[in-house]
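Notes to accompany the following structure.
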Amino acid sequence: MKVFYSLKQVKNNTQPSAVTIGVFDGVHLGHQRLIRQAIKCAKKFNGKSVVITFKGHPALYPGRKAGLSFIKSDAAKLRRLNKCGVDEVLILDFAGIREMEARDFVEKVLVRALKARCVVVGRDFTFGRGGAGKPKLLGELGKKYGFKIIVPPDLLFKGKRVSSTLIRQYLKKGDLRTVEKMLGRPYAIFGRVVRGKHAGFDFPTANLKLAYGDTPARGVWAVRVVHRTGKYLGAANIGNAPTIKNLKDPLLEVHILGFNKNIYGDYLRVVFLERLRREKKFKNREELLAQVKKDIKYINEKYAKKAVK
């Protein structure tokens, strides 16, 4: 998969393309449907499949929603798009194109730069300055410039449209079973182990800084940890560790069961299995230690035989 970060990098493109456009945060099943349709369309005319996505989010700009955070990092999104089988990804800086008129976006980006012959978008897709462009306008411009537009029906889960917004809501609740059904895969966090505060606690942890905003609800989780040396069972805490560390920013701390290696700088994939309890401030270290022992006992009894497969 090739990745481009500006229109200049694709200016010499001559191969026709099938394009789908969006933020694609989380690359959930609804996104995957659009991508599969674009790939299918590209094969019909021996073209390439292209995903246009953005650095930044339309909702983060003045006059739009405030406080939005992402389900996944940009790096995670690219890994997932690569697994989907996309030929190319064009990442545009939203700040640089937000004032572009809808017709100019179609002409300069879709027609001139990408030689689009097929454009696949969701029903609620908007483009151009102020979100003035809608699928109807895109269809009209498609007739003018020679590309067809495909708008697949919404993908529904329990009567609700699968969306990044809905997934964020379930993440905050800690309902990962529902999140996983909409993502089409287990929810996991991938990150590098960093040095944390050495609090002298009986259960050493691998600390991962959270590279994006929306994570599972804070608290203690049973997890499966994937390291280059293998798969392990673990107990994880998402939060500020109020009893001992009282951190300013939330951290993902993972105690890997039966593991005693120096892994600073290594990458871990932490797959979430079950939320055990909310994060709380205990009266003292001894009370916290007793609860952690109970958590680990529960995790071992329930997951030891199946979680590391």
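The values are calculated or read from the model by the stated rules, or taken from the named source; none is laboratory data. Keep in mind it's a predicted model, so treat the numbers as computed, not measured. FYI the Cβ positions are ideal-geometry reconstructions off the backbone, even for glycines, and counts take in every protein chain you see.
As for the stretch 62-69, it holds no residue that is in the same structural domain as LYS143 (by TED's automatic domain parsing) and either at pLDDT 90 or above or in contact with a strand residue (DSSP E or B) (Cβ under 8 Å, 6 or more places away or on another chain) (or both).
Here VAL179 clears all of (1) at pLDDT 90 or above; (2) in a strand (DSSP E or B) except the condition numbered (2). Look at (1) crowded, with 17+ Cβ neighbours inside 10 Å; (2) under 26 Å from ILE71 (Cβ atoms); (3) modelled with pLDDT of 90 or more and you find that ASP25 fails only one, number (3). In summary, LYS136 fulfils each of the numbered conditions (1) farther than 21 Å from ARG33 by Cβ; (2) outside any loop (DSSP other than H, G, I, E, B); (3) not hydroxyl-bearing (Ser, Thr, Tyr) with the single exception of condition (1). Quick check: anything in the stretch 112-121 assigned by TED's automatic domain parsing to the domain that holds LEU29, farther than 30 Å from ASN262 by Cα and surrounded by fewer than 17 Cβ atoms within 10 Å (Cβ to Cβ)? The answer is yes; a qualifying residue exists.
Of all the residues in the stretch 182-206, those that are part of a helix (DSSP H, G or I) and either surrounded by fewer than 17 Cβ atoms within 10 Å (Cβ to Cβ) or at pLDDT below 90 (or both) number 0. Of the residues making up the stretch 246-273, those that are closer than 24 Å to SER73 by Cβ, of a type in the set (D, E, K, R) and at pLDDT below 90 are LYS248, ASP249, GLU253. Cβ-Cβ distances below 9 Å connect the following pairs, each with a first residue in the stretch 84-112 that is assigned to a helix (DSSP H, G or I), a second residue that is surrounded by 18 or more Cβ atoms within 10 Å (Cβ to Cβ) and of a type in the set (Ser, Thr, Tyr), and a separation of six or more residues or different chains: LEU110/SER17. Across the stretch 274-289, the qualifying residues are those that are surrounded by 12 or more Cβ atoms within 10 Å (Cβ to Cβ) and not charged (D, E, K, R), and the one among them that is farthest from LEU171 (Cα to Cα) is LEU289. The set of residues in the stretch 128-144 that are in contact (Cβ under 8 Å) with a residue 24 or more places away in the chain, farther than 14 Å from VAL19 by Cα and crowded, with 16+ Cβ neighbours inside 10 Å comprises GLY128, GLY133, LEU137, LEU141.
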